[in-house]
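Structure first, then comments.
Read the figures in this text as sums done on the coordinates, not as results from a lab. Every value quoted in this text rests on a predicted model; they were computed, and no experiment measured them. Counting neighbours? That spans all protein chains shown, and the Cβs are built from the backbone with ideal geometry, glycine included.
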Amino acid sequence: MSRRAPSDNREVDPRVESWMRRAIAVAVGTQPHPNPRVGAVVLTPEGAEIAAGSHLGPGHDHAEVVALATAGEAAAGATVVSTLEPCSHFGKTPPCTDALISAGVARVIVGVCDPDERVAGSGIAKLRDAGVEVISNVLGDEVEASDPGYFHHRRTGRPRFRIKLAATLDGQVAAADGTSQWITSQEARADAHALRAVSDAVLIGAGTLRADDPLLDVRLPNFSGTQPLPVVLAGRRPLPAQRRLYDRDPLIYTPVPVERPVGTVLLESAAWLDLEAVAKDLGQRGLLEILVDGGPTVAAAVVAAGLADHFTFYFGATLGVGVGRSMFDGVFATLGSSLPIELLDISKIGPDVRIDAAPLQEVV
Ligand SMILES: NC(=O)c1ccc[n+]([C@@H]2O[C@H](COP(=O)([O-])OP(=O)(O)OC[C@H]3O[C@@H](n4cnc5c(N)ncnc54)[C@H](OP(=O)(O)O)[C@@H]3O)[C@@H](O)[C@H]2O)c1
């Protein structure tokens with residue numbers, strides 16, 4: 001149940017939440033970034049489904065237009081349920097509000113008001129001005145959870161960062177000799193590949209590039225979506241000459257010129273890369289959801305820069321029984337420097353445990 005009550009209007013049909021869940025289900029699984037993941041459903045005035053549609057990315061029709069086209073003349077007098085506020089501006093396609101008004105729909109049910117400054121309530125206002133009934137903010141939390149990167153990016157201008165680490169039950173991500181493959185089971189690793197599948201980019205540091213020679217791609221049976229872009233943070237030391245990842249045209253951020261100029265961004269700094277600048281650049285490239293899949297140095301640096309939005313930890317059913325590499329690099333000097341977090345979910349994956357958490361937001 002959403003924590004927010006639907007805003008608007010007159011009496012709200014008790015079925016609106018189940019209709020919105022259907023629209024969310026239509027959107028889930030699409031990867032249209034930098035555009036939002038949107039699902040729309042056209043219903044008869046009695047609530048029977050006539051058509052559904054989703055948005056597949058820039059240049060493709062928006063979800064409402066896809067659903068209206070399938071519904072045809074049956075859209076007149078219908079209810080349209082959309083996870084996101086319909087747009088009211090000319091982008092790569094004409095405004096969805098115009099399509100809804102000219103199709104003669106009677107009612108539009110909206111999950112979340114679009115934080116994109118080109119919309120931001122103007123779509124809802126335009127529909128109401130045209131005499132269309134609008135019920136807004138239905139299951140807003142669930143809609144946002146179906147595309148967290150989009151909402152985060154439009155509100156902050158930077159992507160959402162999820163740090164993923166796989167550790168022994170006593171918190172070691174690698175043995176002292178650098179070996180870490182594999183701490184967790186096949187089931188947990190498949191689960192982690194599903195995280196890659198909903199990410200626009202997978203980010204590591206040069207240390208992981210050297211140690212693991214990773215591919216950073218989604219390797220799931222039947223996966224046919226867009227592969228996430230590999231991103232490497234280079235240090236001041238030379239990068240390895242040969243790595244499998246180079247065939248995937250990674251984006252390399254570096255503080256010093258490197259021998260691979262293609263796809264490299266030189267962010268000069270006195271020491272290490274300024275992660276704020278990296279985040280800004282990733283956001284400007286339309287990468288909204290970043291999976292940080294590197295080692296303890298990059299994980300600690302992302303936290304220190306205040307960029308960590310979500311943690312997904314996999315704890316393998318094994319103990320290091322000693323210190324190899326702990327999950328975050330650096331010294332835990334005093335309890336006061338610890339990061340308060342909120343545990344969001346704990347689940348068992350095969351023999352292992354998955355914990356999802358987020359930095360605790362200060363209540364002001
Ligand atoms: N269990 C897991 O989930 C997991 C995942 C990934 C890796 N690992 C293991 O972790 C070990 C590698 O650890 P690592 O800490 O060296 O890897 P890392 O965090 O991926 O890479 C660290 C390197 O990134 C570069 N870098 C550039 N800018 C940086 C910045 N602003 N902040 C931090 N780093 C920056 C530096 O390269 P330079 O060294 O060139 O200066 C730095 O040493 C390996 O044993 C690997 O198997 C485990």
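A few notes on this one:
- Fraction of beta bridges assigned by DSSP in the chain that are antiparallel (%, nearest 5): 40
- Maximal additional length on extending the residue 129-residue 181 stretch stands at 12.8 nm, based on 0.36 nm per residue less the C-alpha distance.
- At an R0 of 45 angstrom, the distance between the Cβ atoms of residue 332 and residue 22 translates into a FRET efficiency of 0.45.
- The charge dipole of the range 29-155, taken about its Cα centre with unit charges on the Cβ atoms of Lys, Arg (+1), Asp and Glu (-1) only, comes to about 280 debye.
- Per DSSP, loop chymotrypsin sites (Phe, Trp or Tyr not before Pro) in the range 314-364 with at most 10 further Cβ within 10 Å: 332
- Once C-alpha pairs closer than 8 Å and six or more residues apart are averaged by separation and normalised to the residue number of the chain, the relative contact order reads 16 percent.
- With at most 14 other Cβ atoms within 10 Å, longest stretch of the chain clear of loop GluC sites (Glu not before Pro) (DSSP): 118-258
- One quarter of the surface of the convex hull around the alpha-carbon atoms of the range 16-147 equals 6.6 nm², the direction-averaged projected area.
- Near residue 88: Cβ cut-off under 9 Å, other residues only, Lys/Arg at +1 and Asp/Glu at -1. The net charge is 0.
- Taking 1.306 mPa s as the viscosity and 10 °C as the temperature, the Stokes-Einstein diffusion coefficient of the range 157-359 based on its alpha-carbon Kirkwood radius rounds to 91 µm²/s.
- Over the C-alpha trace of the range 200-305, radius of gyration and Dmax come out as 13.3, 45 angstrom.
- Compared with the direct C-alpha span, the chain from residue 98 to residue 242 gains 46.5 nm at full extension, assuming 0.36 nm per residue.
- Total lysine pairs under 24 Å (Cα atoms) in the chain, excluding pairs fewer than 8 apart on one chain: 4
- On the basis of the beta-carbon distance and an R0 of 51 Å, residue 266 and residue 70 show a calculated FRET efficiency of 0.60.
- When the charge dipole of the chain is built from unit charges on Cβ atoms (+1 for Lys and Arg, -1 for Asp and Glu) and taken about the Cα centre, the candidate among 304, 255, 76 whose Cα reaches farthest toward its positive end is 255.
- Magnitude of the charge dipole for the range 159-296, about its Cα centre and with charges confined to Cβ atoms of Lys, Arg (+1) and Asp, Glu (-1), is about 120 debye.
- Ranked 334, 30, 93, criterion: other C-beta atoms within 10 Å, fewest first: 334, 93, 30
- Spatial extent of the chain: Rg and Dmax, with the Cα atoms as the point set, Å: 22.7, 69
- Subtracting the Cα-Cα distance of residue 274 and residue 210 from 0.36 nm times their residue separation leaves 20.9 nm of extension gain.
- The label point for residue 347 and the one for residue 48, both projected 7 Å from the Cα toward the Cβ, are 3.6 nm apart.
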